[in-house]
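Worksheet: the structure to be examined is printed underneath.
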Amino acid sequence: MFTSVLMIEKALSAIDVEFVTTLHGDDSVSFVVLMQPRGDQDRLLRAVDDVALGELDQAVREGEEPEGSEAMGPAQQALDHSLKALREAGCEAVGHLVEDHPLDVLSKITEETDADEVIVLTAPHYVEEFFHRDWASRARHKVGVPVLKLYAHSE
């Protein structure tokens, strides 16, 4: 069985599920899904990304999104939805909310599960990517397995 650690920022869409579950053809895949609830520390970066994408109305609403402890409930719902969708697609899937030090948790879980790869499924983050501060760039220096960066789809 192929084991993937999957880092996500939001609930997986049907397209995302199909994409990650078919990456390895007919091989069976097991997923460990990690989701970090939104934090207020990255609000400015999200707003700059929204502006760069021409989504000015989204940039203005960044302050309205739940963050910190208020984001735990929505994050758990998104994680539960994603796990259910992966299981319905025929994969084994477990998951965890990651509150602090997501890359340390990623490294630990990758090692504990003897994962074959890490998949970072994310929206574009131009500022972070430019400076190589995005999860995928940073994960490549923390884990000893291939790190694949994919862009999430919206329903």
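Couple of notes before you dig in:
- Under 21 Å of direct C-alpha separation, and excluding same-chain neighbours fewer than eight residues apart, residue 142 reaches these lysines: 108.
- Stretchable slack from residue 15 to residue 111, in nm (0.36 nm times residue separation minus alpha-carbon distance): 31.7 nm
- Candidate lysines for bridging to residue 149, where Cα separation is under 18 Å - those fewer than 8 sequence places away on the same chain excluded: 10
- Amide N of the range 87-101 lying under 19 Å from the label point, which is placed 7 angstrom from the Cα of residue 26 along Cα→Cβ: 89-92
- If the chain linking residue 141 and residue 94 were pulled fully straight, counting 0.36 nm for each residue of separation and taking away their Cα-Cα distance, it would gain 14.5 nm.
Every number in this text was worked out from the coordinates using simple rules, so none of it is lab data. Small disclaimer: the values here were computed from a predicted structure and weren't measured. No Cβ is skipped: glycine too gets one built from the backbone with ideal geometry, and neighbour counts run over all protein chains shown.
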